[in-house]
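Engineer: Just passing along the structure, written as structure tokens.
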Amino acid sequence: MDIDFSRIVPSIPFILEGIGLTVSFALVSAILGLILGTILAVFKISKVSFLKWFADIYTSIFRGTPLILQLVLIYFAVPQLFHYDIDKFVAGVLAFGLNSGAYISEIIRAGIQAVDKGQQEAAEALGISYRPMMLDIILPQAVKNILPALLNEFITLTKESAIVSTIGLLDIMRRAQVVGSNTFRYFEPLLIAGLVYWIIVTILTFLGGRLERRLRRSE
């Protein structure tokens, strides 16, 4: 087997420089997805038919089409339609955030509906309006129930962020590809990229587990 890591050792720091961009990209996308997903989840349980219809159609579109298609549409179609050269990072965040929002909305909706209906009935009996009831009573309880699913979505988002390499964003994956094209050795840099992703996901899993246990102790 023709494996020689010594030839790419000088390029390892270049690959590792992509960690910051990958993590920041996943974090910003997750925040956008969480905000959007919360709004869509509230729409889905709303008594307003138009809001429910909008949220369901949105979720159907973004869950029913490939993420890479959404990414290239945003990155390549925006300049064509609006004559505006969108930044690679912004295009990636928009694609991942909009896509993640569709999945998170279903997670949050299920979490909200899992909260005992007596909580909402008690709040209404006390004269608490809908918005503070959702923000202060229902959502905090729902978050505790859906935290593992949300953490899993963030981990998935971190791994899938490698797709942004297709539009040239210099994340971990793209840097590994650059090293491969420069050295004509692809196995070694891609293996290192895979190891870096695995370490990041392992750390996130550990931190998520600690956060989940802490929330359980606070109940």
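Engineer: Looking only at segment 140-180, how many residues end up being more than 18 Å from Arg214 (Cα to Cα) and either in contact with a His (Cβ under 9 Å, 6 or more places away or on another chain) or not hydroxyl-bearing (Ser, Thr, Tyr) (or both)?
Structural biologist: Just the residues of segment 140-180 that are more than 18 Å from Arg214 (Cα to Cα), to begin with: 153-180.
If we keep only those that are either in contact with a His (Cβ under 9 Å, 6 or more places away or on another chain) or not hydroxyl-bearing (Ser, Thr, Tyr) (or both) as well, we get 153-155, 157, 159-160, 162-164, 167-180.
The number of residues fulfilling the criteria is 23.
Engineer: Which residues, counting only those in segment 97-134, are in contact (Cβ under 8 Å) with a residue 12 or more places away in the chain and of a type in the set (Lys, Arg)? So that I can check it myself, show each step before the final result.
Structural biologist: Restricting attention to segment 97-134, the residues satisfying the condition of being in contact (Cβ under 8 Å) with a residue 12 or more places away in the chain are 97-115, 119-120, 123, 133-134.
Selection gives Arg109 alone.
Engineer: Taking Ile74, is it among the β-branched types (Val, Ile, Thr) and either closer than 17 Å to Thr156 by Cβ or touching a His at 6+ places or on another chain (Cβ under 9 Å) (or both)?
Structural biologist: Details: among the β-branched types (Val, Ile, Thr): yes; either closer than 17 Å to Thr156 by Cβ or touching a His at 6+ places or on another chain (Cβ under 9 Å) (or both): no.
Spelling it out, it is not the case that Ile74 is among the β-branched types (Val, Ile, Thr) and either closer than 17 Å to Thr156 by Cβ or touching a His at 6+ places or on another chain (Cβ under 9 Å) (or both).
Engineer: Further question: Quick check on segment 138-160. Is at least one of its residues over 21 Å from the mean Cα position of the chain (by Cα) and surrounded by 14 or more Cβ atoms within 10 Å (Cβ to Cβ)? Give the derivation first.
Structural biologist: Restricting attention to segment 138-160, the residues satisfying the condition of being over 21 Å from the mean Cα position of the chain (by Cα) are 138, 141.
Okay, now just the ones that are also surrounded by 14 or more Cβ atoms within 10 Å (Cβ to Cβ), so 138, 141.
Checking segment 138-160: at least one residue is over 21 Å from the mean Cα position of the chain (by Cα) and surrounded by 14 or more Cβ atoms within 10 Å (Cβ to Cβ).
Engineer: Right, something else. May I ask you to say which residue of Ile3, Ile19 is touching a helix residue (DSSP H, G or I) at 6+ places or on another chain (Cβ under 8 Å), surrounded by 14 or more Cβ atoms within 10 Å (Cβ to Cβ) and over 17 Å from Glu106 (Cα atoms)?
Structural biologist: None of the others qualify; the one that does is Ile19.
Engineer: Inside segment 70-86, can you point out the residues that are assigned to a helix (DSSP H, G or I) and either touching a Lys or Arg at 6+ places or on another chain (Cβ under 9 Å) or on the phi > 0 side of the Ramachandran plot (or both)?
Structural biologist: We begin by selecting, within segment 70-86, every residue assigned to a helix (DSSP H, G or I); these are 70-82.
Across segment 70-86, the qualifying residue is only Tyr75.
Engineer: Could I ask something else about it? Can you find a residue in segment 107-123 that is exposed (fewer than 14 other Cβ atoms within 10 Å of the Cβ) and aliphatic (A, V, I, L, M)?
Structural biologist: yes
Engineer: Here are some residues: Leu204, Leu191, Leu195. Which one is within 18 Å of the chain's Cα centre (by Cα) and modelled with pLDDT of 90 or more?
Structural biologist: Values: Leu191 fails: within 18 Å of the chain's Cα centre (by Cα); Leu195 fails: within 18 Å of the chain's Cα centre (by Cα).
Every option except Leu204 fails the conditions.
Engineer: Has segment 84-96 got at least one residue that is surrounded by 14 or more Cβ atoms within 10 Å (Cβ to Cβ), under 25 Å from Arg213 (Cβ atoms), small (Gly, Ala, Ser) and under 19 Å from the mean Cα position of the chain (by Cα)?
Structural biologist: No.
Engineer: On to the next question. So how many residues does segment 53-65 have that are exposed (fewer than 15 other Cβ atoms within 10 Å of the Cβ) and in a helix (DSSP H, G or I)?
Structural biologist: Looking only at segment 53-65, we keep the residues that are exposed (fewer than 15 other Cβ atoms within 10 Å of the Cβ), and these are 53, 56-57, 60-61, 63-65.
Checking the rest, the ones that are also in a helix (DSSP H, G or I) come to 53, 56-57, 60-61, 63-64.
So the count comes out to 7.
Engineer: Going by the conditions given, is Ala176 surrounded by 21 or more Cβ atoms within 10 Å (Cβ to Cβ), more than 17 Å from the chain's Cα centre (by Cα), touching a residue at least 24 places away in the same chain (Cβ under 8 Å) and under 23 Å from Val72 (Cα atoms)? Talk me through it step by step, then tell me what you get.
Structural biologist: Details: surrounded by 21 or more Cβ atoms within 10 Å (Cβ to Cβ): yes; more than 17 Å from the chain's Cα centre (by Cα): yes; touching a residue at least 24 places away in the same chain (Cβ under 8 Å): yes; under 23 Å from Val72 (Cα atoms): yes.
Yes; evaluated as a whole, the condition is true for this residue.
Engineer: Check Phe54, Phe43, Phe14 and return the single one that is modelled with pLDDT under 95 and of a type outside the set (D, E, K, R). Walk me through how you get there before you give the answer.
Structural biologist: Working: Phe54 fails: modelled with pLDDT under 95; Phe14 fails: modelled with pLDDT under 95.
None of the others qualify; the one that does is Phe43.
Engineer: Restricting the search to segment 179-215, which residues are basic (Lys, Arg) and either surrounded by 14 or more Cβ atoms within 10 Å (Cβ to Cβ) or touching a residue at least 60 places away in the same chain (Cβ under 8 Å) (or both)? Please lay out each step first, then the result.
Structural biologist: Filtering segment 179-215 for residues basic (Lys, Arg) gives 185, 210, 213-214.
Arg185 - this is the single residue of segment 179-215 that is basic (Lys, Arg) and either surrounded by 14 or more Cβ atoms within 10 Å (Cβ to Cβ) or touching a residue at least 60 places away in the same chain (Cβ under 8 Å) (or both).
Engineer: Filter segment 1-28 for residues that are touching a residue at least 60 places away in the same chain (Cβ under 8 Å) and either in a loop (DSSP other than H, G, I, E, B) or in contact with a Cys (Cβ under 8 Å, 6 or more places away or on another chain) (or both) and give the result.
Structural biologist: Hits for segment 1-28 are Ile3, Asp4, Ile8, Glu17.
Engineer: Here's something else I'd like to know. Only residues that are assigned to a loop (DSSP other than H, G, I, E, B) and either over 15 Å from Ser46 (Cβ atoms) or in contact with a Ser or Thr (Cβ under 9 Å, 6 or more places away or on another chain) (or both): list them for segment 111-136, please.
Structural biologist: Val115, Asp116, Leu126, Gly127, Ile128
The values are calculated or read from the model by the stated rules, or taken from the named source; none is laboratory data. Please read all numbers here as calculations on a predicted model, not as lab measurements. Neighbour counts run over all protein chains shown; Cβ positions are idealised from the backbone, glycine included.
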